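Below is the structure I would like to discuss, written out as structure tokens.
The values are calculated or read from the model by the stated rules, or taken from the named source; none is laboratory data. As the structure is a prediction and not an experimental result, all values here were calculated from the model. Glycine also receives a Cβ, built like all others from the backbone with ideal geometry; neighbour counts cover every protein chain displayed.
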Amino acid sequence: MGFYSKYVLPTLTDLAMRSHTLRPERARWVSLAKGVVLEIGVGSGLNLPMYGREVRKLYALDPSEELLRRARLRAAWVAFAVEFLCRSAEAIPLGEASVDSVVTTWTLCTIPDPMAALQEIRRVLRPEGRLIFVEHGRSPDPAVVRWQDWLTPLWRRVAGGCHLNRPIDQLLRLGGFEVVEMNRGYLAGPRVGGYLYRGTARPAAGRRILAANTWTDKGVAYGA
Ligand SMILES: C[S@@+](CC[C@H](N)C(=O)[O-])C[C@H]1O[C@@H](n2cnc3c(N)ncnc32)[C@H](O)[C@@H]1O
């Protein structure tokens with residue numbers, strides 16, 4: 001891992017994700033988590049103050065040791081136990097049906113194999129549990145999508161693998177989740193990175209699930 005990925009990117013990520021426009025989204029959705037919670041891509045821990053009293057324990061997963069170092073500082077102020085997992089979402093070191101809620105905010109855009117991650121989330125989530133998501137992704141407007149598709153190859157190189165153009169609703173569906181509620185729309189600011197999908201989903205029974213390594217980001221699954 002180079003100097004940029006190890007030190008510069010975590011600092012930029014923390015600064016960018018502290019944006020005040022994101023705070024109301026965090027407060028609205030993260031507060032729905034309850035019981036034993038797994039946060040995927042916890043980053044620098046900006047969601048930690050948003051969790052409510054119904055949280056018993058939080059597993060805070062992220063592959064970036066530098067971001068986890070920052071999250072550990074924020075975890076000192078919360079009332080529930082936090083266990084940090086320096087791992088990728090494609091291989092979650094937790095047992096089957098062991099968590100009540102999974103939270104992911106601005107992270108599905110970045111995970112290299114989102115299908116593998118969603119399968120892992122399905123595995124560790126109790127059947128009656130909820131996946132709570134706040135994610136940016138593919139816009140419904142063709143003019144914005146053109147920019148998203150054009151910029152993504154460059155953007156992902158400087159932004160730690162972030163894709164501007166992933167269709168989050170399709171990803172969830174193909175990953176075996178049924179959306180329970182979802183609000184979509186633009187945040188204030190540049191539209192190319194500001195189209196938000198936020199809501200909750202549950203494991204869908206009997207759904208055909210796309211296998212790990214089959215999501216290509218090149219349009220193969222977009223029409224599925
Ligand atoms: C844009 S940041 C969002 C951080 C945090 N969720 C937030 O809302 O502030 C994307 C996060 O995804 C994490 N990430 C990247 N690859 C990942 C993977 N394979 N599994 C889990 N998290 C990953 C990054 O380390 C980073 O913390």
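State whether one or more residues within the stretch 49-60 are within 13 Å of the ligand (Cβ to nearest atom) and of a type in the set (Lys, Arg).
No, every residue in the stretch 49-60 fails to be within 13 Å of the ligand (Cβ to nearest atom) and of a type in the set (Lys, Arg).
I need the full set of residues from the stretch 151-167 which are touching a His at 6+ places or on another chain (Cβ under 9 Å) and more than 14 Å from the ligand (Cβ to nearest atom), in order please.
THR152
Output yes when any residue across the stretch 67-86 is touching a Lys or Arg at 6+ places or on another chain (Cβ under 7 Å) and near the ligand (Cβ under 10 Å from one of its atoms), and no when none is.
no
If you go through the stretch 1-39, how many residues are of a type in the set (Val, Ile, Thr) and either more than 13 Å from the ligand (Cβ to nearest atom) or touching a strand residue (DSSP E or B) at 6+ places or on another chain (Cβ under 9 Å) (or both)?
Residues flagged as of a type in the set (Val, Ile, Thr) and either more than 13 Å from the ligand (Cβ to nearest atom) or touching a strand residue (DSSP E or B) at 6+ places or on another chain (Cβ under 9 Å) (or both) within the stretch 1-39 amount to 4.
From the list VAL144, VAL180, VAL192, pick out the single residue that is closer than 20 Å to VAL37 by Cα and touching a residue at least 12 places away in the same chain (Cβ under 8 Å).
On the way: VAL144 fails: closer than 20 Å to VAL37 by Cα; VAL192 fails: closer than 20 Å to VAL37 by Cα.
One residue alone meets the criteria, VAL180.
Right, here's the next one. Got at least one residue in the stretch 99-107 being in contact (Cβ under 8 Å) with a residue 60 or more places away in the chain, near the ligand (Cβ under 9 Å from one of its atoms) and assigned to a helix (DSSP H, G or I)?
No: zero hits.
OK, next. Can you tell me which residue within the stretch 106-158, out of those that are among the small types (Gly, Ala, Ser) and closer than 21 Å to ALA89 by Cα, is surrounded by the most Cβ atoms within 10 Å (Cβ to Cβ)?
Quick first cut of the stretch 106-158, residues among the small types (Gly, Ala, Ser) only: 116-117, 129, 137, 139, 143.
When the remaining residues are screened for being closer than 21 Å to ALA89 by Cα, the result is 116-117, 129, 137.
Details: ALA116: 22, ALA117: 25, GLY129: 23, GLY137: 21.
For the stretch 106-158, the residue satisfying everything is ALA117.
Residues in the stretch 2-9: is at least one at negative phi and crowded, with 20+ Cβ neighbours inside 10 Å?
The answer is yes; a qualifying residue exists.
Can you tell me which residue in the stretch 48-89 is surrounded by the fewest Cβ atoms within 10 Å (Cβ to Cβ), limited to those that are of a type outside the set (D, E, K, R) and under 19 Å from LEU22 (Cα atoms)?
The extreme case among them is GLY52.
What's the number of the only condition in (1) away from the ligand (no atom under 15 Å from the Cβ); (2) in contact with an Asp or Glu (Cβ under 9 Å, 6 or more places away or on another chain); (3) of a type in the set (Gly, Ala, Ser) that ALA117 fails to meet?
Of everything listed in (1) away from the ligand (no atom under 15 Å from the Cβ); (2) in contact with an Asp or Glu (Cβ under 9 Å, 6 or more places away or on another chain); (3) of a type in the set (Gly, Ala, Ser), ALA117 misses just condition (1).
Here is a further query. Tell me, which helices (runs of 4 or more DSSP H) wholly within the stretch 111-224 include 1 or more residues that are farther than 27 Å from TYR51 by Cα and of a type outside the set (Gly, Ala, Ser)?
142-158, 168-174
Which condition does GLY45 not pass, out of (1) exposed (fewer than 13 other Cβ atoms within 10 Å of the Cβ); (2) part of a loop (DSSP other than H, G, I, E, B); (3) not hydroxyl-bearing (Ser, Thr, Tyr), if it passes all the others?
Evaluating GLY45 over (1) exposed (fewer than 13 other Cβ atoms within 10 Å of the Cβ); (2) part of a loop (DSSP other than H, G, I, E, B); (3) not hydroxyl-bearing (Ser, Thr, Tyr) leaves (1) as the failure.
If we scan the stretch 78-90, do we find a residue that is modelled with pLDDT of 95 or more, assigned to a helix (DSSP H, G or I) and under 21 Å from TRP29 (Cα atoms)?
no
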